[in-house]
Amino acid sequence: ILRDCLRAKSVGIIEENKEKGLVKYAKPVGVIASLVPTTNPCLTPAGQIIYAIKARDVIICSPHPRAKNVTNKCIDIIREVLVREGAPADIIQGIKEPSISLTNELMKRADLIIATGGRPMVKSAYSAGVPAYGSGAGNATVIIDDTCNTPERQKEAASNTRISKTSDFGSGCSCDGNLVIHESIYDDFVKALVEEGAYLANEEEAEMLKKVMWDETGHRLPQTVAISPQKLAMIAGFEIPEDRKFIAVTGGGINEIGKEFFFSSEKLTTLLSLFKYEGEFENALTMMQAIFNVGGKGHSCGIYSFDDEHIHRLGMAAPVSRIMVRQPNNRGNSGSSTNGMPPTSSMGCG
């Protein structure tokens, strides 16, 4: 993020189109209210603070109550560095004891709101009567098509999945949540996932996981967010080997995608759902759309394919802002040293 914005023009004349006679000016917006999620309690404020300072704004962070200590620790470190560099510490602030009423008051008084988190938080931000950017749910889905048909390709795709699924215990919105795999390679690819550290949960274990991850209405429970697969299994009531990196459940086909099928919704932990598509690539797109209708529309997805037509069709069909091709989904979508995506710690939906 720092490398991306360091030499960018941010205040004053930032763009001039002499052919059209247009000049673009950028001005500080003022006080930014940043709502920080429990899933990214340090990356979110650090990334937004860099951009706020670059634009000469003041930013006040309202942490998630579950992560208030680590978020404020991050902010305190940044404040110390600001003073060391000759800047006032209070251009960056954090609410020490966050509450709903205090956050609502902050949003009313701010000049701009950046809400990173769940749907209720984003909805509240958009209703505050202040300009707002919302970063919503990300039920990232990756299609593995029939061109992933050699051991080398399957190993690379499975490795990408492991990197994405295990980063920060799967807490990032861009981490792989669902794989949609072609029937011709399904069994071999599942073996490749196991070689990369997947633990395949059986039907009984999957039911146990479902009971601790969601309530009866499908609302995700906080106790399972961003934890190791061993701890996730323990909370559910079974044990897995210490060398396993994530848990995978087989979700079946298109008939097991929907709001009543909780494994097709956002996980935000070290759990991955596997779906099998049959026949034409169009069926993969149909399943992808069905998953995004459950949650995560507007966020991100990916594809492992060597068929340019398949990649193009996903680009035309996917209701998301960013798509990764043959890369770890979480690394690429947030911006990376290995691709040209603009780096971000908060991705808007829509």
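Here residue 300 clears all of (1) closer than 30 Å to residue 61 by Cα; (2) modelled with pLDDT under 90; (3) out of contact with any Ser or Thr (no Cβ under 6 Å at 6 or more places or on another chain) except the condition numbered (3). Of the listed requirements (1) modelled with pLDDT of 95 or more; (2) buried (at least 23 other Cβ atoms within 10 Å of the Cβ), residue 242 misses just one: (2). Selection within region 305-332: residues that are of a type in the set (S, T, N, Q) and touching a Gly at 6+ places or on another chain (Cβ under 8 Å). The member of this set that is surrounded by the most Cβ atoms within 10 Å (Cβ to Cβ) is 329. Taking the criterion of being closer than 19 Å to residue 48 by Cα, in contact (Cβ under 8 Å) with a residue 40 or more places away in the chain and in contact with a Leu (Cβ under 9 Å, 6 or more places away or on another chain), would at least one residue in region 72-95 satisfy it? Within region 72-95, one or more residues are closer than 19 Å to residue 48 by Cα, in contact (Cβ under 8 Å) with a residue 40 or more places away in the chain and in contact with a Leu (Cβ under 9 Å, 6 or more places away or on another chain).
Taking region 292-317 as the range and being under 16 Å from the mean Cα position of the chain (by Cα), over 21 Å from residue 159 (Cβ atoms) and of a type in the set (Gly, Ala, Ser) as the test, the residues that pass are 295, 296, 298. The listed residues are 132, 198, and the only one of them that is among the hydrophobic types (A, V, I, L, M, F, W, C) and without any contact (Cβ under 8 Å) to a residue 40 or more places away in the chain turns out to be 132. Annotation note: of 8, 52, 87, 33, the sole residue that is in contact with a helix residue (DSSP H, G or I) (Cβ under 9 Å, 6 or more places away or on another chain), hydrophobic (A, V, I, L, M, F, W, C) and more than 28 Å from residue 102 (Cα to Cα) is 8.
Screening the candidates 103, 141, 161 for the property of being closer than 30 Å to residue 55 by Cβ and polar (S, T, N, Q) yields one hit, 103.
Considered as a group, the residues in region 225-235 that are open to solvent by 10 Å² or more (accessible area, probe 1.4 Å) and touching an Asp or Glu at 6+ places or on another chain (Cβ under 7 Å) include one that is modelled with the highest pLDDT, and that residue is 230. The residues of region 180-202 that are among the hydrophobic types (A, V, I, L, M, F, W, C), in a strand (DSSP E or B) and over 13 Å from residue 252 (Cα atoms), listed by number, are 198, 200. Report yes if residue 62 is in contact with a helix residue (DSSP H, G or I) (Cβ under 7 Å, 6 or more places away or on another chain) and among the hydroxyl-bearing types (Ser, Thr, Tyr), otherwise no. For residue 62, the condition - in contact with a helix residue (DSSP H, G or I) (Cβ under 7 Å, 6 or more places away or on another chain) and among the hydroxyl-bearing types (Ser, Thr, Tyr) - is met.
The values are calculated or read from the model by the stated rules, or taken from the named source; none is laboratory data. From a predicted model like this one, the values you see are computed outputs, not experimental measurements. A quick note on method: Cβ atoms are made from the backbone with ideal geometry, for glycine too, and the neighbour counts reach across all protein chains shown. Keep in mind that these areas ignore ligands, DNA and RNA; they rest on the heavy atoms of the full protein, side chains included. Shrake-Rupley method; radii C 1.70, N 1.55, O 1.52, S 1.80 Å.
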